[in-house]
1. Out of all the residues in region B:119-135, is one or more within 27 Å of B:M59 (Cα to Cα) and either open to solvent by 60 Å² or more (accessible area, probe 1.4 Å) or under 27 Å from the mean Cα position of the chain (by Cα) (or both)?
2. Within region A:18-34, take every residue that is touching a Ser or Thr at 6+ places or on another chain (Cβ under 8 Å) and open to solvent by less than 30 Å² (accessible area, probe 1.4 Å) and give me the one that is farthest from the other protein chains (Cβ to nearest Cβ).
3. For region B:186-206, which positions are surrounded by fewer than 20 Cβ atoms within 10 Å (Cβ to Cβ) and either more than 10 Å from chain A (Cβ to nearest Cβ) or in contact with a Leu (Cβ under 8 Å, 6 or more places away or on another chain) (or both)?
4. Answer yes or no: is there a residue in region A:2-18 that is at pLDDT below 85, of a type in the set (S, T, Y) and in a helix (DSSP H, G or I).
5. Please give the number of the condition A:L105 fails out of (1) within 11 Å of chain B (Cβ to nearest Cβ); (2) in a helix (DSSP H, G or I).
6. Only one of (1) modelled with pLDDT of 85 or more; (2) of a type outside the set (D, E, K, R); (3) touching a Lys or Arg at 6+ places or on another chain (Cβ under 6 Å) is not met by B:S39, so which one is it?
7. Quick check on region B:207-221: of everything there that is open to solvent by less than 30 Å² (accessible area, probe 1.4 Å) and closer than 17 Å to A:G67 by Cβ, which residue is nearest to the other protein chains (Cβ to nearest Cβ)?
8. What number goes with the only condition from (1) of a type in the set (F, W, Y); (2) assigned by TED's automatic domain parsing to the domain that holds A:S56; (3) open to solvent by less than 20 Å² (accessible area, probe 1.4 Å) that A:F148 does not pass?
There are 2 protein chains.
Amino acid sequence: MHLEHHVTGSEIIRDIVIGMSDGLTVPFALAAGLSGAISSSGLVVTAGIAEIVAGSIAMGLGGYLAGKTEADHYRSELKREYEEIERVPEQEKIEVREVFAGFGLSEHLQNQIADELAKDKKQWVDFMMRYELGLEEPNPNRATRSAFTIGVSYIIGGIIPLSPYLFISNAQTALGYSCIVTVLCLFIFGYFKSRMTGQPAFAGALKVVVIGALAAGAAFTMAKLINGK
Amino acid sequence: MHLEHHVTGSEIIRDIVIGMSDGLTVPFALAAGLSGAISSSGLVVTAGIAEIVAGSIAMGLGGYLAGKTEADHYRSELKREYEEIERVPEQEKIEVREVFAGFGLSEHLQNQIADELAKDKKQWVDFMMRYELGLEEPNPNRATRSAFTIGVSYIIGGIIPLSPYLFISNAQTALGYSCIVTVLCLFIFGYFKSRMTGQPAFAGALKVVVIGALAAGAAFTMAKLINGK
């Protein structure tokens, strides 16, 4: 019960991190890039919102499909393992032994483990799923929740760098404010993300800011180059 | 050796899938959205390329950092496990027993396994890393290769939907060709992706196409609404 709770919590945080880090970075860089090519904020907003809509759907539904595929994969492997312990139990016992042979356990002990595991089919299959195939049972509601969390996080992340363009009609002026707001948010986001994953928080925050700045700088330069032609 | 090869191959494919599915979808949808608001292809190309640059850097460096974090996490947990089997060996033995108690093995067998594992520290720690913590040793070159593969796949994916806008000056006309080319590529991409992950290929291909179409349709509608004001 405790484990389940822990896993669910970290999955939501992981989804927020996935959605928000791209949401803060890509619309920010796109808006910066367009500001290098055009002077009116109106079109930057149109492009930015089109990007946020496209990105949140692509990432959200992408997350949904990834979750669904994971659950389908687990189910089909589970079914196959149940079939195999019925059809070729001796082969499956050998596979159990091989797992422990890999850790240097004696043959005598390998055989005992395989024989005891084989007494309960559910436990036997559970063991094969986790330790032979390395699969954990996915949460059934995970796919839908994951889609929603990633999509919403992307939208929230994307609106932040775009907001100055909504209020300032000159795109170059808005870009300055967008940089300040976004770098601040990237830093705060990177700081908490690193703390929650147990990484050094300040260094982690700087890394996130550098990625955002590099992406925005490159997009700005590229858009200027194309338009300069 | 064989396992290592297998894992590496599937990781590259996974990175290509990550980069290309977003690369085909988001620039496609952004270009479609802008075509709903402006008539000149020139600005669609500028925005599209700015997006591809931003997206490939954000995703590529994101992949790099994720890989680095994974490797750091593994190393720090490995160090902790070595310290713990020195400092609290009896506690660590209890943790080994608990793993097997979870599969219903007898206490006698649990103790035998824990005692035999404890004879070799490297094997003991390897066991704890994989079966208590569920961690696999990451490939040291993975982070750099992952960044490169995801970034390049995103660029290749993104150039496909953008290419008609390079040759056709009217954005609405170019959009038609972009839809045809991209839907075709999304289908082929989805087909092979599903086959490689062992999913039904035709259904998987349709899903990928539907996500792309939904994202593009929503971006197009949204851009038209904003510009209609």
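The values are calculated or read from the model by the stated rules, or taken from the named source; none is laboratory data. Just so it is clear, the structure is predicted and the values come from calculations on it, not from any experiment. Here the Cβ is made from the backbone with ideal geometry for all residues, glycine too, and neighbour counts use every protein chain on show. In case anyone asks, the SASA skips ligands and DNA or RNA and just uses the protein heavy atoms, side chains included. Shrake-Rupley method; radii C 1.70, N 1.55, O 1.52, S 1.80 Å.
1. yes
2. Of everything passing the filter in region A:18-34, A:G19 is farthest from the other protein chains (Cβ to nearest Cβ).
3. The answer is B:F187, B:I188, B:Y191, B:F192, B:R195, B:M196, B:A201, B:F202, B:A203, B:L206.
4. Yes; the residues of region A:2-18 include at least one that is at pLDDT below 85, of a type in the set (S, T, Y) and in a helix (DSSP H, G or I).
5. Just one mismatch for A:L105, condition (2).
6. Of everything listed in (1) modelled with pLDDT of 85 or more; (2) of a type outside the set (D, E, K, R); (3) touching a Lys or Arg at 6+ places or on another chain (Cβ under 6 Å), B:S39 misses just condition (3).
7. If we take residues in region B:207-221 being open to solvent by less than 30 Å² (accessible area, probe 1.4 Å) and closer than 17 Å to A:G67 by Cβ, then B:I211 is nearest to the other protein chains (Cβ to nearest Cβ).
8. Failing condition for A:F148: (3).
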